[in-house]
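The values are calculated or read from the model by the stated rules, or taken from the named source; none is laboratory data. What you see is a predicted model, and the numbers here were worked out from it, not measured in a lab. When we count neighbours, we look across all protein chains shown, and the Cβ atoms used for this are built from the backbone with ideal geometry, even at glycine.
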Amino acid sequence: MKILYVASEAAPFVKTGGLADVAGSLPKALKEKKQDIRVIMPLYWSISDELKSTMKKETEFSMDLGWRNQYVGVFSTIYNGVTHYFVDNEYYFKRDRIYGEYDDGERFIYFSKAVAIFLKKINFKADIVHSNDWHSGLVPLYIKDFAKGDPFYQDMKTVFTIHNLKYQGIFDSFILQDIGGLSDEYIVEDGLKYYDKINLMKAGIAYSDALTTVSKTYAEEIKYEYFGEGLEGIIRKNQHKLTGIVNGIDYDLYNPTRDNYISANYDFQTIENKSKNKRELQNLYDLPKKDVPVLAMVSRLVAMKGLDLVVHILDELLQEDIQFVVLGTGEKKYEDIFNYFQWKYSDKLRSRIYFNGKESHLIYAGADIFVMPSMAEPCGISQLISLRYGTLPVVRETGGLKDTVIPYNKYTGEGTGFSFENFNAHELLNTIKTALQLYEDKGVWHRIIEQAMKSKNDWGKSSQEYMKIYKRLKI
Ligand code: GLC
């Protein structure tokens, strides 16, 4: 099948969140299934020169954008066997940031329209155009709109995936016509109208032929107000075409037996080596080299990730004989709190307020317990990496966390981690304490590690589920 996979970010080119991990690994898995899948994303300024130097120019054309006429250059490179296209326009993408610019609406309308036109320019008659999150939410609409007058687009089917409803792309209504060149007929309740504005996430939900999100539980949760973020109505209306497919991770990229970023490679047979990584982590972060349980968080420091729960119990938790490392950036109030606690508990807590991919690997390998008490979590990638590295996750039972971490059951011995149900700080604390007690019982602890490391969270099964949807649409 011919598939164009559209995303605003993809690893290793540009990454601000989990979408980049998915866009960097699912296409590779589908390519291995012998599909002609190609990826398209903007040519951001921040892509490294090393990666840019591998790109060659594919085509260029000019495109109407409302009353303007804009240049579209497209570059390409092959990465992991997958052709990646990059839409080039310095006016839109030579910026300091990926998102958060004053004209994001215009930037991503430009990108979405360019993608739709590009298909025809290179005569790539895709069976499926698969776009993701609000940045490419207009792609299904453009394809439907173009199909009205152009047979080239008539058999193309669109899939849209919601990665996180928290970010929706809400803009002034006039830009749909003024910039996007699309008629007002789409600004209706069943379309992309959102109060007196337009909502690009809603466009993806309304106009795609199939809709997916990144776990089964999240697919249920978003039909209701607490998780629906104001879109529960349109989601319920479109639930007949909605499927939850849990994300996988790239098992080549996250592989404790071969990872170059860690001090000692290991698998379950050589699990003693894991402690060498713990020493190295303690060394790097200047923590006492003691055999105490090391807890870790690698996360954006925002409310959605459950930071309020962590902050609430931090004093109490740090009374225990543990160490705790935090890596990530986010809201200033959380950064400040972690810095304060690092001062107060200087031999126990390390807050590393930045992001560093290499260091994150050492944390996944060196820590014992991974803390992820999210308020909402469409899928979550970090708990999957933790499982693979035998670092037992403590999670709240929501979205993908609920679907991927099996809570330890002391009667049957089953489980790959620990979980709690309510968004309550002491439920989190008690769950961590249960884990800390079991840490002392090496027999049980190793058994859970073994189960965690053996749980399968690669793309094998989930890429198959995407294929099923693609095939169903083609008939
Ligand atoms: C978003 C979600 C996260 C998910 C990721 C990839 O970042 O917040 O839960 O894992 O997208 O789908």
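In the range 1-37, how many residues are aliphatic (A, V, I, L, M), touching a strand residue (DSSP E or B) at 6+ places or on another chain (Cβ under 6 Å) and more than 10 Å from the ligand (Cβ to nearest atom)?
So the count comes out to 7.
How do the pairs read when you match residues in the range 121-142 that are touching a residue at least 12 places away in the same chain (Cβ under 8 Å) and charged (D, E, K, R) with residues anywhere that are away from the ligand (no atom under 16 Å from the Cβ) and not in a helix (DSSP H, G or I), using Cβ under 7 Å and keeping only pairs 6 or more apart or on different chains?
From the range 121-142, the pairs are 121/59; 121/61; 125/2; 127/1; 127/2; 127/3; 127/157.
Could you list all residues from the range 13-28 that are surrounded by 22 or more Cβ atoms within 10 Å (Cβ to Cβ) and in contact (Cβ under 8 Å) with a residue 60 or more places away in the chain?
13, 14, 18, 19, 21, 22, 23, 24, 25, 26, listed by residue number.
With respect to residue 42, is the statement that it is out of contact with any Ser or Thr (no Cβ under 9 Å at 6 or more places or on another chain) and within 14 Å of residue 10 (Cβ to Cβ) true?
no
Is the range 136-150 home to any residue that is within 16 Å of the ligand (Cβ to nearest atom), under 27 Å from the mean Cα position of the chain (by Cα) and under 22 Å from residue 230 (Cα atoms)? Even if it seems obvious, please write down each step before you answer.
Going residue by residue through the range 136-150, those that are within 16 Å of the ligand (Cβ to nearest atom) are 136-137.
Applying the additional criterion that residues be under 27 Å from the mean Cα position of the chain (by Cα) yields 136-137.
Restricting the remaining residues to those that are under 22 Å from residue 230 (Cα atoms) gives 136-137.
So far as the range 136-150 goes, yes, one or more of its residues are within 16 Å of the ligand (Cβ to nearest atom), under 27 Å from the mean Cα position of the chain (by Cα) and under 22 Å from residue 230 (Cα atoms).
Kindly indicate whether residue 306 is within 16 Å of the ligand (Cβ to nearest atom), farther than 19 Å from residue 254 by Cα and outside the structural domain of residue 163 (by TED's automatic domain parsing). Give the steps one after another, and end with the answer.
Numbers: within 16 Å of the ligand (Cβ to nearest atom): yes; farther than 19 Å from residue 254 by Cα: yes; outside the structural domain of residue 163 (by TED's automatic domain parsing): yes.
Yes: the conditions hold for residue 306.
Is one or more of the residues making up the range 247-254 under 19 Å from residue 469 (Cβ atoms) and without any contact (Cβ under 8 Å) to a residue 60 or more places away in the chain? It would help to see each step written out before you state the result.
We begin by selecting, within the range 247-254, every residue under 19 Å from residue 469 (Cβ atoms); these are 247-248.
Now narrow it down to the ones that are without any contact (Cβ under 8 Å) to a residue 60 or more places away in the chain: none.
So far as the range 247-254 goes, no, none of its residues is under 19 Å from residue 469 (Cβ atoms) and without any contact (Cβ under 8 Å) to a residue 60 or more places away in the chain.
So how many residues does the range 387-408 have that are within 14 Å of the ligand (Cβ to nearest atom) and free of Cβ contacts under 8 Å to residues at least 24 places away in the same chain?
Qualifying residue count for the region: 1.
Do we find a residue being surrounded by fewer than 16 Cβ atoms within 10 Å (Cβ to Cβ) and either in contact (Cβ under 8 Å) with a residue 24 or more places away in the chain or not assigned by TED's automatic domain parsing to the domain that holds residue 175 (or both) anywhere in the range 203-217? I'd like the intermediate steps shown before the answer.
Let us first name the residues in the range 203-217 that are surrounded by fewer than 16 Cβ atoms within 10 Å (Cβ to Cβ), namely none.
No.
Can you work out which of the residues in the range 409-445 that are touching a Gly at 6+ places or on another chain (Cβ under 9 Å) and assigned to a helix (DSSP H, G or I) is nearest to residue 320 (Cα to Cα)?
The initial filter retains those residues of the range 409-445 that are touching a Gly at 6+ places or on another chain (Cβ under 9 Å), namely 409, 423, 428, 435, 444.
In the following step, the residues that additionally are assigned to a helix (DSSP H, G or I) were identified as 428, 435, 444.
Values: 428: 15, 435: 12, 444: 21 Å.
Applying the filter and picking the extreme gives 435.
Of the residues that sit in the range 335-376 and are among the acidic types (Asp, Glu) and touching a residue at least 12 places away in the same chain (Cβ under 8 Å), which one is farthest from the ligand (Cβ to nearest atom)? Give the steps one after another, and end with the answer.
Start the filter on the range 335-376 by keeping residues that are among the acidic types (Asp, Glu), which leaves 335-336, 347, 359, 368.
If we keep only those that are touching a residue at least 12 places away in the same chain (Cβ under 8 Å) too, we end up with 335, 347, 359, 368.
Details: 335: 20, 347: 33, 359: 20, 368: 23 Å.
It comes out as 347.
If residue 379 passes every condition in (1) surrounded by fewer than 21 Cβ atoms within 10 Å (Cβ to Cβ); (2) within 12 Å of the ligand (Cβ to nearest atom) but one, which one does it miss?
(1)
Tell me which of these residue 263 doesn't satisfy, since it passes every other one: (1) buried (at least 16 other Cβ atoms within 10 Å of the Cβ); (2) in the same structural domain as residue 445 (by TED's automatic domain parsing).
The single condition residue 263 does not satisfy is (2).
Evaluate the range 247-259: report whether one residue or more is over 27 Å from residue 447 (Cα atoms) and surrounded by fewer than 14 Cβ atoms within 10 Å (Cβ to Cβ). Can you show your working first?
As a first pass, look at the range 247-259 and keep what is over 27 Å from residue 447 (Cα atoms): none.
There is no residue in the range 247-259 that is over 27 Å from residue 447 (Cα atoms) and surrounded by fewer than 14 Cβ atoms within 10 Å (Cβ to Cβ).
Checking residue 50 against (1) of a type in the set (Asp, Glu); (2) within 22 Å of residue 162 (Cβ to Cβ); (3) more than 16 Å from the ligand (Cβ to nearest atom): exactly one of these is not met. Which one?
Looking at each condition in turn, residue 50 falls short on (2).
Restricting to strands (runs of 3 or more DSSP E) lying wholly in the range 158-243: which have 3 or more residues that are within 30 Å of residue 462 (Cα to Cα) and within 16 Å of the ligand (Cβ to nearest atom)? Outline the logic, then answer.
Details: elements: 170-172, 197-199, 210-213.
Correct list: 210-213.
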